[in-house]
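The values are calculated or read from the model by the stated rules, or taken from the named source; none is laboratory data. Everything numeric in this text was worked out from a predicted model, so none of it was measured. In this analysis, Cβ positions are derived from the backbone assuming ideal geometry, glycine residues included, and neighbour counts consider all displayed protein chains.
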Amino acid sequence: MTTTKKMESVLVKLSNHEIIQKGDRAVRSRHELAIEILDCLVEIEGRSIFLEEGHSSLFDFCVRRWHYSPPKAGRFIAAARCTKSFPAVRNLLSRRKITLCGVSRIAGILTKENSDRILQEVSGKKFVEIEKIVASLKIAPKTRESIRPIGLQEPAVGRDRSADHEDLFRPNRTLENYQIDSNLTDDQADQSGGDSPIERPMEKPEHRYEIRFSASEEFCRDLERAKRVCSRSWNLEAIMGRAIKDLLEKRDPERKEARRRKREAGKKSKLRSQSPSKPATMSGVKAATDMKSSGKRVQAPPARSRHIPAQLRDAVFTRDKGRCTYTSSLGMQCDSIAHLQIDHITPFCLGGEHSLKNLRLLCGKHNRLAAREMSLTKR
Ligand SMILES: [Zn+2]
């Protein structure tokens, strides 16, 4: 008999009162276990244990090691930090005067000045009541940035997709700029905006994602301005998409390297087409030799520089696939693709050279950990 079936046969024999009592005990022990997990998280973060285990953050540790969903990981981490900063919160939790969700809700607004008052207000309250109290304080909660898949979208046949987003800007529109916008015809807007939005033919269902982040007033003003200087057919996705493409065109190491290769190939083919008797350029070594023999002053070789040539940086980025290469002793590789830094495996100060073999990508946290480990081995 399976464990579930055994449990069902036991439950069937219990009275209603006994089942309620059993459920109460389970909820109580679950609550106590949650507090134990918070205590562990405080310690794991305090000692940076997650870094040694190959995780870029406590959040990544919860998601990848404990298989927590991102919202659950966020709740536990917020609550754990809150109990560390405000021991009274842990006291409320252990007396079951507040839930873990309630703690994560107030975590972002507690300060030394207001904590006594707010904790008194939320003690013993339901979650919905806590939400009202937090909203009444008018402090914007921190929004965790997220990108999550939400499903497939059917092809839009003969439908203007931008219409779906037409109202996105309405809540923030002032009467003045709404009128200015309304006076523009599509043609005029096209002329002022120049090019058209990114074309995305929808022949088959495509995956769609929901992106969340909070933004400043300045960002919203710029976005509103971008909307006004573009054609009305540009929705929010089109505007952000073009801005991101422009940024990648300037800063993506892979694209820069591809452009560099193309330029070099172009130069080589140009040289080949020129007369072989007249070399177009003089090599550095030949130039130096000629200058020496002619008695001209020879420049000293440049001092050793920390500067890593852009071409080499881009090659390291491409080889490491734009991801932190730190790997724990158990083979867990950090999956951070943000805040990446170029690290010398043999440190520059110990004679480490700028070479593809001696360079690697590390996230900031693992770069600092590697530096700490290196200083320990030197002792
Ligand atoms: Zn890392």
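Summary of computed values
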item	result
Residue count for region 4-43, restricted to those that are basic (K, R) and under 26 Å from R95 (Cβ atoms)	4
Count of residues meeting criterion [away from the ligand (no atom under 16 Å from the Cβ), surrounded by fewer than 17 Cβ atoms within 10 Å (Cβ to Cβ) and touching a residue at least 60 places away in the same chain (Cβ under 8 Å)] in region 36-70	1
Residue in region 346-366 that is within 16 Å of the ligand (Cβ to nearest atom), aliphatic (A, V, I, L, M), modelled with pLDDT of 90 or more and part of a loop (DSSP other than H, G, I, E, B) present	no
Filtered residues of region 309-331 (kept if in contact with a helix residue (DSSP H, G or I) (Cβ under 8 Å, 6 or more places away or on another chain) and aliphatic (A, V, I, L, M))	A310, A315
R25 surrounded by fewer than 11 Cβ atoms within 10 Å (Cβ to Cβ) and either out of contact with any Cys (no Cβ under 6 Å at 6 or more places or on another chain) or in a helix (DSSP H, G or I) (or both)	yes
Qualifying residue in region 320-340 (condition: part of a helix (DSSP H, G or I), more than 13 Å from the ligand (Cβ to nearest atom) and within 27 Å of R261 (Cβ to Cβ))	no
Enumerated helices (runs of 4 or more DSSP H) restricted to region 80-128, each holding at least 2 residues that are surrounded by fewer than 15 Cβ atoms within 10 Å (Cβ to Cβ)	87-94, 115-122
When residues of region 109-145 are limited to those that are modelled with pLDDT under 85 and small (G, A, S), the one farthest from R95 (Cα to Cα)	A140
Only one of A303, A370 that is within 16 Å of the ligand (Cβ to nearest atom), modelled with pLDDT under 90 and not acidic (D, E)	A370
